[in-house]
Amino acid sequence: MALIVQKFGGTSVGTVERIEQVAEKVKKFREGGDDIVVVVSAMSGETNRLIDLAKQISDTPVPRELDVMVSTGEQVTIALLSMALIKRGVPAVSYTGNQVRILTDSAHNKARILQIDDQKIRADLKAGRVVVVAGFQGVDEHGNITTLGRGGSDTTGVALAAALKADECQIYTDVDGVYTTDPRVVPQAQRLDKITFEEMLEMASLGSKVLQIRSVEFAGKYNVPLRVLHSFQEGPGTLITLDEEESMEQPIISGIAFNRDEAKLTIRGVPDTPGVAFKILGPISAANIEVDMIVQNVSHDNTTDFTFTVHRNDYQNALRVLEQTASEIGAREVVGDTNIAKVSIVGVGMRSHAGVASRMFEALAKESINIQMISTSEIKVSVVIEEKYLELAVRALHTAFELDAPARQGE
Ligand code: ADP
Ligand code: ASP
Ligand code: MG
């Protein structure tokens, strides 16, 4: 008999009818003899609705109180799903993060899970119950409610699977697996049967929101077998695996990720002396702003231009800090740009193939898309481009790296 953790996302529990459908599905699994722990998100749109409410009170809601409020979304769905299961004759019990005791640190709105108490859950499973746990939330050592950041229910699912040493963690969502790129942007995108943890980690951190990045980190660290599946369609989904198969068919690129969440800042005419990067980025990091890509150009007159990207939410803050720095170090000017997007190609196949980056640049050049910044690592190449070309760029790259699904007859 297997122990399976199943996580259902917001759209899968978006209406009472869907919740009834999820209950039917869980009931069938249960009849197969497996022990089931279910993690649910809030109904789709609910977390956004709650955040909007808070923003009507304050642009910057007190993080602790925001957590008290947004955690209610998941409290509703755990109760509804348990009711739907019990109605079907399936013994079930719901728990909030606090009730299980999913212990987190105290970083409200982006807390990390430290420990999960599995006693209650194990006792319920032993008594034949399906256990329904609220995703996205936990409690800190002082008893304050915390939340795990947007998309955090994935992480609750994987962390529970790790704590319970589950046989598999199944992430049920509104797509039937992980695709070569977001199928909403590229209709020719293809489902992957398998993707490595390393690739999935890159995809998630570079913008593919199908799995929260921390859930992939957790799964990799604790070797949790993880699968992404469609909530209401049968199919094998996508398995996130440890092994990198060396096969002839191994594609060079597994996927394309993108995001519109960053903004670019440039400080021009900086006197070029040792320590200049620290002078510029030190105050940014002191302001708790994370920097992603960095480019420094050296010019002939002993000055340098320095460009970096930050999250768009941090843009105004970063601009203020940088303008202050510019006046202190005698730089010529500061310019900012929020109309950028980052596109990345990801694949472990890059390790054994040369010329991947130039193939990417060629494909973008053919579409006359200007590259503003580049960064590479062993298994990814990222470029920053003007935001309005994002979809064109993703489609062009998808075709250039031969990821498009073969056209079906008659299309
Ligand atoms: P849930 O509410 O179930 O957590 P999400 O909206 O968080 O669902 O994640 C599923 C969505 O992720 C899909 O609808 C899809 O548009 C998007 N997505 C982005 N990149 C990918 C990808 N590479 N493969 C599959 N889906 C992706
Ligand atoms: N409800 C939370 C969110 O919308 C958590 C989740 O869905 O994973 O971000
Ligand atoms: Mg999600």
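The values are calculated or read from the model by the stated rules, or taken from the named source; none is laboratory data. Predicted model only: the values in this text are computed from it and were never measured. So basically every Cβ, Gly included, is an ideal-geometry build from the backbone, and we count neighbours across all protein chains shown. Note: areas computed on protein heavy atoms with side chains; ligands, DNA, RNA excluded. Shrake-Rupley method; radii C 1.70, N 1.55, O 1.52, S 1.80 Å.
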Subject >> Violating pairs (Cα-Cα greater than 22 angstrom) within the set Lys7/Lys380; Lys165/Lys209; Lys7/Lys110; Lys194/Lys380; Lys55/Lys264; Lys7/Lys126 >> reply: Lys7/Lys380; Lys165/Lys209; Lys55/Lys264
Original post:
Ignoring ligands and nucleic acids, what accessible area does Glu362 show with a 1.4 Å probe (Å², nearest 10)?
Top reply: 100
**OP:** Report, in whole Å, the centroid distance computed from the Cα atoms of the stretch 44-94 and the stretch 316-339.
**Re:** 40
Subject >> Per residue accessible area of the chain, 1.4 Å probe, in Å² >> reply: 48
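If a/c stays under 1.5 just call it rounded; otherwise compare a/b with b/c (prolate if a/b is bigger, oblate if not). Do that for the chain, with a ≥ b ≥ c from the square roots of the Cα gyration tensor eigenvalues. All intermediate terms of the calculation are to be shown ahead of the outcome.
Values: a/c = 2.27, a/b = 1.45, b/c = 1.56.
Since a/c reaches 1.5 but b/c is at least a/b, the shape of the chain is classed as oblate.
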Subject >> Area accessible to solvent at Phe29, 1.4 Å probe radius, in Å² >> reply: 60
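Quick check on the chain: helices-only [θ] at 222 nm, where DSSP H runs of length 4 and up contribute -39,500 (n - 2.57) each and the sum goes over total residues. Nearest 500, please.
Details: 13 runs with 143 residues, N = 411.
Helix-only estimate at 222 nm: -10500 deg cm²/dmol.
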Original post:
Which residue fluctuates the most in the chain, going by a Gaussian network model with Cα springs under 10 Å, if the choices are Gln372, Gln190, Gln170?
Top reply: Gln372
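Using R₀ = 45 Å, calculate the FRET efficiency as 1/(1 + (r/R₀)^6) where r is the Cβ-Cβ separation of His353 and Leu114; round to 0.05.
Numbers: r = 41 Å, r/R0 = 0.90.
Computed FRET efficiency for His353 and Leu114: 0.65.
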Original post:
Ranked from the most accessible area to the least, with a 1.4 Å probe and all protein chains present, what is the order of His353, His230, His300?
Top reply: His300, His353, His230
Original post:
Is the shape of the stretch 29-123 rounded, prolate or oblate, going by the alpha carbon gyration tensor and its root eigenvalues a ≥ b ≥ c, with a/c under 1.5 for rounded and a/b larger than b/c for prolate?
Top reply: oblate
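Arrange the residues Ile294, Ile289 by how much accessible surface each exposes, largest first, with a 1.4 angstrom probe.
On the way: Ile294 85, Ile289 10 Å².
Ranked list, largest accessible area first: Ile294, Ile289.
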Original post:
When only the heavy atoms of the protein chains count and the probe is 1.4 Å, how do Lys126, Lys264, Lys87 rank by accessible area, highest first?
Top reply: Lys126, Lys87, Lys264
**OP:** For the stretch 282-305 and the stretch 361-397, compute the distance between their C-alpha centroids and round to whole Å.
**Re:** 22
**OP:** Quick one: accessible surface of Lys120, probe radius 1.4 Å, all protein chains present, in square angstrom to the nearest 10.
**Re:** 90
Subject >> Between the stretch 252-267 and the stretch 189-210, the alpha-carbon center distance in angstrom >> reply: 14
